[in-house]
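Before any comments, here is the structure.
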Amino acid sequence: MKENIQVLIVDDEQLARERLMRLVEALDGYQVCAEAANGEEALKAIHQTEPDIVLMDIRMPGMDGMAAAEQIATLKTPPAIIFCTAYDEYAISAFKVQAIDYLLKPVRKEALEQALMQAGKLNKVQLSDPLANSAQGDTTPCLVAKTWKGSELIDLTHIYYFMADQKYVTVHHLNGETVIDNTLKELEADYSPRFLRTHRNSLVNTDFIEALVRDGAGHYLVRLKNNAGEIPVSRRHTSDVKAWLESKS
């Protein structure tokens, strides 16, 4: 008989801990092994119970969740960390300490189940070696996208390109399209040189650039791999695209 995945819940508010406990216990295959009210208690509980996954708040008195996560990441066989917080401004920092997911309160059952399943796919050896999970060794392999639902995560390696249209930006990725509130300027600053500016309204993932071509009217286009389409290249950015292609040849 398969053992349940052990979950540690860390939050300074008892009601929040109780709610997460009910959500976890309602899911098949998961069991709450302990709870803690701050980072110090969390570290003690990890040594005592050896949980597989830690659901942890960030803002807590004493040692906060981010500081605790930094220490957890140094353990020989660390548990997976999923942050559960009411604040979205810590998302980038969360992935720098190898957090698996970042859920905004009130945590939805569906979102929690998905995050737990994702965490369960990583064994402790992989968690102790973040480079094993990323060929490029990125510490932030996900885009923290601002959407109407709140903050969502999109794997950067799955994104073909960003396209701006008036005040919104659409992310075109393996699973479809997502409209976000991030600006192209923000995205370019955060994720360059992985993404290359090809036009004032587009950023393209260099991993998917196949070739620079011209259409019947003589305009340049970037052809993408996986039949993901062709993206216009403005005269201003043509030299940058050519230089990038030459650097890879």
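Which residues, taken from the stretch 167-184, are exposed (fewer than 12 other Cβ atoms within 10 Å of the Cβ) and not small (Gly, Ala, Ser)?
Matches in the stretch 167-184: 167, 175, 177.
Got a number for residues in the stretch 1-48 being modelled with pLDDT under 95 and of a type in the set (Val, Ile, Thr)?
Counting residues in the stretch 1-48 that are modelled with pLDDT under 95 and of a type in the set (Val, Ile, Thr) gives 1.
Pull out all pairs, ordered by first then second residue, where Cβ-Cβ is under 7 Å, the residues are six or more apart or on different chains, the first lies in the stretch 229-249 and is in the same structural domain as residue 215 (by TED's automatic domain parsing), and the second is aromatic (Phe, Trp, Tyr).
Listed by first residue and then by second, the contacts come to 231/161; 233/220; 238/220.
If you go through the stretch 63-109, how many residues are at pLDDT below 85 and of a type in the set (Gly, Ala, Ser)?
Total satisfying the criteria: 4.
Name the single residue, out of those in the stretch 6-15 being surrounded by 19 or more Cβ atoms within 10 Å (Cβ to Cβ) and of a type in the set (A, V, I, L, M), that is farthest from residue 68 (Cα to Cα). Full working, then the answer.
Looking only at the stretch 6-15, we keep the residues that are surrounded by 19 or more Cβ atoms within 10 Å (Cβ to Cβ), and these are 7-11.
Checking which are of a type in the set (A, V, I, L, M) leaves us with 7-10.
Working: 7: 16, 8: 13, 9: 13, 10: 10 Å.
By that ranking, first place goes to 7.
Out of all the residues in the stretch 23-45, is one or more without any contact (Cβ under 8 Å) to a residue 24 or more places away in the chain, assigned by TED's automatic domain parsing to the domain that holds residue 115 and part of a loop (DSSP other than H, G, I, E, B)?
Yes, because at least one residue in the stretch 23-45 is without any contact (Cβ under 8 Å) to a residue 24 or more places away in the chain, assigned by TED's automatic domain parsing to the domain that holds residue 115 and part of a loop (DSSP other than H, G, I, E, B).
Only one of 116, 127, 112 is among the aliphatic types (A, V, I, L, M), modelled with pLDDT under 80 and surrounded by 17 or more Cβ atoms within 10 Å (Cβ to Cβ). Can you tell me which?
Numbers: 116 fails: modelled with pLDDT under 80; 112 fails: modelled with pLDDT under 80.
Just a single option satisfies the conditions, and that option is 127.
Being surrounded by fewer than 19 Cβ atoms within 10 Å (Cβ to Cβ), in contact (Cβ under 8 Å) with a residue 24 or more places away in the chain and either of a type in the set (Ser, Thr, Tyr) or not assigned by TED's automatic domain parsing to the domain that holds residue 87 (or both) is the requirement here; does residue 74 meet it?
It is false that residue 74 is surrounded by fewer than 19 Cβ atoms within 10 Å (Cβ to Cβ), in contact (Cβ under 8 Å) with a residue 24 or more places away in the chain and either of a type in the set (Ser, Thr, Tyr) or not assigned by TED's automatic domain parsing to the domain that holds residue 87 (or both).
Can you pull out every residue in the stretch 17-60 that is crowded, with 19+ Cβ neighbours inside 10 Å and in contact with a Cys (Cβ under 9 Å, 6 or more places away or on another chain)?
20, 45, 51, 52, 55, 56, 57, 58
The values are calculated or read from the model by the stated rules, or taken from the named source; none is laboratory data. Fair warning: this is a prediction, and the values are worked out from it, not measured in the lab. Note that each Cβ is placed from the backbone with ideal geometry, even for glycine, and that neighbours are counted across all protein chains shown.
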